[in-house]
Amino acid sequence: MEYISPEGLRLDGRRPKELRQLSCQFGVLAKADGSATFEMGNTKVLAAVFGPHEVEQRSKAQPGRAIVQCEYAMAAFSTGERRKHGKTDRRSTELSTIIRNCLEQTILLELMPSSQIDVYVQVLQADGGTRCACINAAMLAIAEAGIPVRDVMAACAAGYLDSTSILDMNYMEDSGGGPDVAVAIHPNLDKTVLLQMDNKIAVDVFEGVYGLAEQGCKAVAQYMRQQLLAHVQRLAVMQGPTRL
C-alpha cells in the first residue's frame with residue numbers, strides 16, 4: 001500500500017507533518033473533581049480525576065508526597081468491532097503505568113503529602129495515537145481538577161512510512177509496520193517526559209522522527225493551553241465578579 005501519494009498527501013489528505021484536528025471538552029463528568037475529553041482526529045478519550053483525597057490503603061501512603069493511581073481501559077465499542085470483556089490485558093496494564101509515570105513527573109506531588117489522586121482514562125473511539133491522546137486527556141483532567149503541575153504536559157507520536165517521516169499517524173498508517181516514536185514533553189521546561197519506540201529504526205531516521213514528534217507535542221501543548229485559558233475565562237464569567 002502507498003501511504004504517501006505522488007502529490008505528497010497521506011491517505012486522509014494530510015501533509016506528512018500535519019496534525020489531525022484537535023478537540024477537547026472540560027467538565028464532562030459532574031461527580032469527578034476534574035474531567036475532560038480529548039480528540040485527535042477520530043480517536044476520542046475520556047479522562048476523570050478524583051482527589052487529592054486520603055490514601056485508601058494506609059500502607060501505600062507517602063508522608064512526603066501524594067501517590068497517583070491510574071487505570072486505563074478501552075470501551076468495548078471503541079474500535080467498531082465487538083471486544084470481549086475479560087481480565088485486564090497486558091497492554092492495559094502497560095498503558096496505565098505509562099500514564100501514571102508521566103503524571104508523576106508532572107504533578108507537584110510534594111505539595112500534597114499523604115494523599116492520593118485517582119485517574120481513570122477510557123478510550124471511547126480508537127483510530128491510532130491512543131497512547132498520546134490518553135496522556136493529553138489525563139493532563140487536561142488534572143488541570144481541570146485544579147491540581148498543581150510543573151508544566152502543561154503534551155504528547156504526540158510520529159512514524160516513518162514510504163521513506164517519509166509522518167506526524168500523528170492514524171490507525172491505517174500505524175498498521176503499516178513502520179517505526180513509531182511516542183513522545184511527551186514539558187515544553188516550558190524543555191524536558192522529555194516519555195520516549196517510547198515501537199520497532200527498530202536507524203539512528204539518522206530516528207532523529208528526524210523524534211524531532212517531528214517533538215514539534216507535534218509543542219503544537220498540542222499550545223492548543224491545550226489555549227483551551228485551558230478559555231475554560232478558566234468561561235468559569236470566571238459564569239461565577240460573576242468577585243465581591244470584596
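The values are calculated or read from the model by the stated rules, or taken from the named source; none is laboratory data. The model shown is predicted, which means the values in this text are computed figures rather than measured ones. FYI the Cβ positions are ideal-geometry reconstructions off the backbone, even for glycines, and counts take in every protein chain you see. In case anyone asks, the SASA skips ligands and DNA or RNA and just uses the protein heavy atoms, side chains included. Shrake-Rupley method; radii C 1.70, N 1.55, O 1.52, S 1.80 Å.
For the range 102-113, a residue qualifies if it is in a helix (DSSP H, G or I) and over 10 Å from I135 (Cα atoms), and the qualifying residues are E104, Q105, T106, L109, E110, L111. Here is the figure for the range 194-239: residues that are aliphatic (A, V, I, L, M), part of a helix (DSSP H, G or I) and in contact (Cβ under 8 Å) with a residue 12 or more places away in the chain total 9.
Could you tell me how many of the residues in the range 207-244 are of a type in the set (A, V, I, L, M), loosely packed, with under 11 Cβ neighbours inside 10 Å and at pLDDT below 95? Total satisfying the criteria: 3. If you check C132 against the conditions, is it within 23 Å of M172 (Cβ to Cβ) and among the hydrophobic types (A, V, I, L, M, F, W, C)? Against the criterion (within 23 Å of M172 (Cβ to Cβ) and among the hydrophobic types (A, V, I, L, M, F, W, C)), C132 qualifies. State yes or no: is D89 surrounded by fewer than 21 Cβ atoms within 10 Å (Cβ to Cβ) and more than 30 Å from G176 (Cβ to Cβ)? The answer is no for D89. Beta carbons closer than 7 Å, at least 6 apart along the sequence or on distinct chains, never pair a first residue in the range 137-165 that is farther than 25 Å from S175 by Cβ and open to solvent by less than 20 Å² (accessible area, probe 1.4 Å) with a second that is of a type in the set (D, E) and assigned to a loop (DSSP other than H, G, I, E, B). Selection of the range 26-71 for residues being part of a loop (DSSP other than H, G, I, E, B), acidic (D, E) and loosely packed, with under 15 Cβ neighbours inside 10 Å yields only E56.
Restricting the range 114-127 to residues that are at pLDDT 95 or above and in a loop (DSSP other than H, G, I, E, B) leaves a set whose member that is surrounded by the most Cβ atoms within 10 Å (Cβ to Cβ) is D127. Residues in the range 176-195 that are open to solvent by less than 40 Å² (accessible area, probe 1.4 Å) and within 22 Å of S96 (Cβ to Cβ): 9 in all. Selection over the range 1-34 of residues that are of a type in the set (G, A, S) and either farther than 18 Å from I135 by Cα or modelled with pLDDT under 95 (or both) gives a count of 4.
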